[in-house]
Amino acid sequence: MRDLASRLPSSPGFWRSPLRGPRFTAVLGLVLLVGITVLFVTGLLSYAAYNPDLDPVNDKTPDKGLLGFYLFAWPTGPDWLYRLTQGVHVTLGLTLIPVLLAKLWSVVPRLFSLPPARSLAHALERISLLLLVGGALFTFLTGVLNIQLDYVFPGSFYPLHFYGAWVFFAAFVAHAALKVPVALRNLRAMREERDDLVSPRPDPPTVSRRGALWLVGGGSLLMFVTNAGRSFDGPLRETAVLSPHGGPEPGNGPNGFQINKTAAYAGIDPAETSEDAWRLVVTGRTGTVRLGRAELRRLEQHSAALPIACVEGWSTSDQWWRGVRLRDLAALVGFEDDPPDVFVESLQRRGAFRSGALRANQVADPRSLLALDVNGEALSPDHGYPARIIVPAAPGVLNTKWVARLTFGDL
Ligand code: HEM
């Protein structure tokens, strides 16, 4: 019976790797302490960047209740803000995967240790560990599947990733409060303490703990160098070989930069976008005006150098947009001095972001445009011809393409 018991994962003797130990785990834990915290904060900022409390159309997790306590009016500057926060969110998430897996590997014996609960406190700690490990795997997996564009989970990404993140981070904070003092003590201690992670009958070492940590670091470096390029144009983007928006630019010339959804994917009917057929409908305090591209061109044109920053974490460098300021369009319908919020509707028939709302500070910013041209040339159909929204520091999904209608005023 004793021999049989020692062959079960619940027996410390079952785990033979000489690498496991409190110091190995402590190093990985402290790296995750910083990394996960940055991930959570940049994730919360990603949600705030939608201005979800402005209009239900911007909010994919409307039942959030108190979890929206921190929301604020997303600023328009610096114009690279969302490019930075979401770029960090996704690239750091991918870079941390080897660390997360090594950490889970290093503590897996504890998952099987018996008895399941020695006391109420121990039982609570074990339940929080299940939420921690389950939450981590779930949040990372939904994130990776989302950016790799093969999101197979039943149910929308937003609530799953958002609520998964809160459950995970709550368990993470509880875990950190319990374990950080232990981890720091282990790292300061001259000799490794006896611990249930240390195998009583280790196999001969094939690599040292330091070597194993270098391997994990190497794995993270590999994830970083094969993904971070997604946030830069040109040769750097070519290095992002593991990213759907890595590799060569999709086209050449002024409209040759990265595209998220094409006109064909969005179900744009070319007959509706022709010079003769298309009219932008602008509604506000004084009524409605209809403008074709020719009339829009006769309005004062302005330019702005702004990036496209996608919620999936990829982005472009600044593109040179030209068109009519949103605040000038607001003035056309009675908002001369006080540009209000605006509700934007697209011609697109598919996609969660056929319409979106922009806050007054975004409308008022002189760089916020209804763009007709980019990099000195008319927008291509895939970049939103006949006209698209471009607002500094806003997530790509709120820079609506193929704009059909703008409704200024109370949303
Ligand atoms: C490899 C790991 C991860 C990837 C690739 C990833 C990816 C993403 C993406 C693409 C979004 C934006 C979704 C959108 O607006 O369309 C997002 C949002 C978010 N992420 Fe992650 N994420 C990862 C890990 C995490 C972790 C570990 C946490 C929590 C600790 C987290 C918390 C959040 C939050 C709170 C949001 C906002 C959700 C929303 O807008 O509804 N993410 N993440």
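Yes/no matrix, rows are residues, columns are (1) outside the structural domain of Ser208 (by TED's automatic domain parsing); (2) hydroxyl-bearing (Ser, Thr, Tyr); (3) touching a residue at least 24 places away in the same chain (Cβ under 8 Å); (4) out of contact with any Pro (no Cβ under 8 Å at 6 or more places or on another chain):
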residue: Leu33; (1), (2), (3), (4): no, no, yes, yes
residue: Val41; (1), (2), (3), (4): no, no, no, yes
residue: Tyr50; (1), (2), (3), (4): no, yes, yes, no
residue: Pro56; (1), (2), (3), (4): no, no, no, no
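Out of Val403, Val391, one residue alone is open to solvent by less than 10 Å² (accessible area, probe 1.4 Å), of a type outside the set (Phe, Trp, Tyr) and in contact with a helix residue (DSSP H, G or I) (Cβ under 6 Å, 6 or more places away or on another chain). It is Val391. Screening Asp79 against (1) in contact (Cβ under 8 Å) with a residue 60 or more places away in the chain; (2) more than 18 Å from the chain's Cα centre (by Cα) leaves a single unmet condition, (2). Leu114 fulfils the conditions (1) touching a Ser or Thr at 6+ places or on another chain (Cβ under 6 Å); (2) surrounded by 14 or more Cβ atoms within 10 Å (Cβ to Cβ) except for a single criterion, (2). Taking the criterion of being open to solvent by 30 Å² or more (accessible area, probe 1.4 Å) and part of a strand (DSSP E or B), the residues of the stretch 365-388 that qualify are Glu377, Ala378. Does Leu100 qualify as being touching a helix residue (DSSP H, G or I) at 6+ places or on another chain (Cβ under 8 Å), surrounded by 15 or more Cβ atoms within 10 Å (Cβ to Cβ) and assigned by TED's automatic domain parsing to the domain that holds Gly13? Yes; evaluated as a whole, the condition is true for this residue. Only a single item in (1) at pLDDT below 90; (2) within 10 Å of the ligand (Cβ to nearest atom); (3) not small (Gly, Ala, Ser) is not met by Phe162, and it is number (1).
Looking at the stretch 151-258, the helices (runs of 4 or more DSSP H) lying wholly inside it that each contain 2 or more residues that are touching a Leu at 6+ places or on another chain (Cβ under 7 Å) sit at 157-188, 209-225. Scanning the stretch 300-340 for residues that are within 16 Å of the ligand (Cβ to nearest atom), in a loop (DSSP other than H, G, I, E, B) and of a type outside the set (A, V, I, L, M, F, W, C) turns up Glu312, Gly313.
It is to be established whether one or more residues within the stretch 117-137 are near the ligand (Cβ under 10 Å from one of its atoms), open to solvent by less than 60 Å² (accessible area, probe 1.4 Å) and in the same structural domain as Gly35 (by TED's automatic domain parsing). For the stretch 117-137, residues near the ligand (Cβ under 10 Å from one of its atoms), open to solvent by less than 60 Å² (accessible area, probe 1.4 Å) and in the same structural domain as Gly35 (by TED's automatic domain parsing): present.
The values are calculated or read from the model by the stated rules, or taken from the named source; none is laboratory data. Bear in mind the structure is a predicted one, so any value in this text is a computation, not a measurement. Counting neighbours? That spans all protein chains shown, and the Cβs are built from the backbone with ideal geometry, glycine included. Calculation scope for accessible area: heavy atoms of the full protein, side chains included, ligands and nucleic acids excluded. Shrake-Rupley method; radii C 1.70, N 1.55, O 1.52, S 1.80 Å.
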